[in-house]
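To start, I am sharing the structure in question, which I have written as structure tokens.
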Amino acid sequence: MRAVVQRRHGGPESLALETVSVPRLAPHEVSIAVEAAGLNRLDLIQRERPVLKGFRLPHIAGMDMTGIIMEAGSEVDAGRIGERVVVDPNVPAPAGSGRARAVIGGNVPGGFSEVCVVPASNVYVLPEHVSPEVAAAFPTVYSTAWRSVLSVGALRSGQWMLVHGSSSTLTMAVVQIAGVVGAHTVVAGRDAGHLRRMRNLGADAVVDSTVGNVVRAVSKVTGGRGVDLVVDHVGGATFAASVGAVARGGRVVVAGNVSGDGARIESLSELHHKGVQIIGCGSYGPEDFRLALDALSAGLLAPVIADVGELECVVPFQERILRGEPFGKLVVGP
């Protein structure tokens, strides 16, 4: 089969389209003929250095994928062969095993290939009306967004939320999920064009952080009160604004650190007197995935697709992500 293989760390030269052996099937697994796979920023980060425990070279990335089951292990119902499915890439470690969780495309082979072998428990039947490309744009960002906004963030109808990152597919998912529950969203970011498109996705207000103060802008939008929830997946560069923009008794959910791992809290007194909760999002679970998939299937969520290409496009698509160009998911297929 053909696959995009990483054999060393570095730049674009570390990836190559190769012909490799089809993976062997374990009793609890299914073999999937991949129809589409979405790119994620983790693919880029791990191109340069390992992040997830258990990562090893050579590696085939591609965490988000859809396809058709073409073979089933001995412990799997053979009637599943032919099902059109979407894959949850998060595979919890067995309780008490002491092992790191497996992440399909993160520390075990993923969907940048013609065939991918995954646990049968991690595949879900895809409704006919959802295209492979749309489904491949869904798993990681929408499951993480669901956990950040609802499972951990507890956002409710009528409340206000701030999310940073005008070019992020996670921000797009957060905005849409807030809309599902009837909440209001402010998006802060640095790309004016992408901020305008966030308004079209359902954001109630946007703040260009290159020309305005995020905390003052949020205060104005919310009548001086601040937001009930901040979803901060940017990290050090935005954390102070997140704390400053949240209302009394509000919550800051930390869902990532793409701008750096260090963060500064200007005033512990502010946290104390405002009663602010700072919560780590943690990894999403199967229930987050299922609930988000139900919302997608019901037409309540609509992943944005920036471009679709073949496996040969993985490297040039990654370079486009590095340049901050796409608004939406980049998706490849065999």
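The values are calculated or read from the model by the stated rules, or taken from the named source; none is laboratory data. Predicted, not measured: the structure shown is a model, and the values here were computed from it. Glycine also receives a Cβ, built like all others from the backbone with ideal geometry; neighbour counts cover every protein chain displayed. For accessibility, only protein heavy atoms count, side chains too; no ligands or nucleic acids. Shrake-Rupley method; radii C 1.70, N 1.55, O 1.52, S 1.80 Å.
Do you know which of the residues in region 199-237 that are in a loop (DSSP other than H, G, I, E, B) and among the hydrophobic types (A, V, I, L, M, F, W, C) is surrounded by the fewest Cβ atoms within 10 Å (Cβ to Cβ)? Before the answer, list the steps.
Start the filter on region 199-237 by keeping residues that are in a loop (DSSP other than H, G, I, E, B), which leaves 202-204, 209-213, 222-226, 233-237.
With the extra rule that they be among the hydrophobic types (A, V, I, L, M, F, W, C), the set shrinks to 203, 211, 234, 237.
Details: Ala203: 27, Val211: 8, Val234: 25, Ala237: 16.
Filtering region 199-237 for residues that are in a loop (DSSP other than H, G, I, E, B) and among the hydrophobic types (A, V, I, L, M, F, W, C), the one surrounded by the fewest Cβ atoms within 10 Å (Cβ to Cβ) comes out as Val211.
Taking the residues in region 39-65 that are within 16 Å of the chain's Cα centre (by Cα) and either of a type in the set (Gly, Ala, Ser) or within 18 Å of Pro23 (Cβ to Cβ) (or both) as candidates, determine which candidate is surrounded by the most Cβ atoms within 10 Å (Cβ to Cβ). Talk me through it step by step, then tell me what you get.
Filtering region 39-65 for residues within 16 Å of the chain's Cα centre (by Cα) gives 39-46, 51-52, 61-65.
If we keep only those that are either of a type in the set (Gly, Ala, Ser) or within 18 Å of Pro23 (Cβ to Cβ) (or both) as well, we get 61-63, 65.
Values: Ala61: 27, Gly62: 29, Met63: 24, Met65: 31.
Among those residues, the one meeting the criterion is Met65.
When you go through Val308, Val304 one by one, which is the residue that is open to solvent by 40 Å² or more (accessible area, probe 1.4 Å), touching a helix residue (DSSP H, G or I) at 6+ places or on another chain (Cβ under 7 Å) and under 18 Å from Ser131 (Cα atoms)?
Working: Val304 fails: open to solvent by 40 Å² or more (accessible area, probe 1.4 Å).
It is Val308.
Of the numbered conditions (1) without any contact (Cβ under 8 Å) to a residue 60 or more places away in the chain; (2) closer than 24 Å to Pro303 by Cβ, Val76 satisfies every one except a single condition; which is it?
Looking at each condition in turn, Val76 falls short on (2).
Filtering region 66-76 down to residues that are of a type outside the set (Ser, Thr, Tyr) and open to solvent by less than 10 Å² (accessible area, probe 1.4 Å), which residue is nearest to Leu330 (Cα to Cα)? Spell out how you get there, then give the answer.
First, pick out the residues of region 66-76 that are of a type outside the set (Ser, Thr, Tyr): 67-73, 75-76.
Filter once more, keeping what is open to solvent by less than 10 Å² (accessible area, probe 1.4 Å): 67, 69, 73.
Working: Gly67: 17, Ile69: 23, Gly73: 31 Å.
Ranking the qualifying residues of region 66-76, first place goes to Gly67.
Hey, any hits in region 255-278 for a residue that's at pLDDT 95 or above, open to solvent by less than 40 Å² (accessible area, probe 1.4 Å), of a type outside the set (A, V, I, L, M) and farther than 20 Å from Pro132 by Cα?
Initially, region 255-278 is screened for residues at pLDDT 95 or above, giving none.
No: zero hits.
Checking the conditions here, which among Pro50, Pro12 is touching a residue at least 60 places away in the same chain (Cβ under 8 Å) and within 29 Å of His233 (Cα to Cα)? Spell out the reasoning first.
Values: Pro50 fails: touching a residue at least 60 places away in the same chain (Cβ under 8 Å).
One residue alone meets the criteria, Pro12.
Let me ask something else about it. Are there any pairs with C-beta distances below 6 angstrom linking a residue in region 100-121 that is over 13 Å from Arg56 (Cβ atoms) and at pLDDT below 95 to a residue that is of a type in the set (Gly, Ala, Ser) and open to solvent by 10 Å² or more (accessible area, probe 1.4 Å), with the two at least 6 apart or on different chains, and if so which?
Final answer for the pair search is Arg101/Ala93.
Filter region 168-198 down to the residues that are open to solvent by 40 Å² or more (accessible area, probe 1.4 Å), more than 21 Å from Arg323 (Cβ to Cβ) and part of a loop (DSSP other than H, G, I, E, B) and list them by number.
If the condition is that a residue be open to solvent by 40 Å² or more (accessible area, probe 1.4 Å), more than 21 Å from Arg323 (Cβ to Cβ) and part of a loop (DSSP other than H, G, I, E, B), then Val181 is the only one that fits.
Moving to a separate point now. Out of all the residues in region 113-167, which are open to solvent by less than 30 Å² (accessible area, probe 1.4 Å), under 20 Å from the mean Cα position of the chain (by Cα), among the polar types (S, T, N, Q) and farther than 30 Å from Leu25 by Cβ?
Ser148, Ser166, listed by residue number.
Could you check, for region 35-42, whether at least one of its residues is of a type outside the set (Gly, Ala, Ser), out of contact with any helix residue (DSSP H, G or I) (no Cβ under 9 Å at 6 or more places or on another chain) and at pLDDT below 95?
No.
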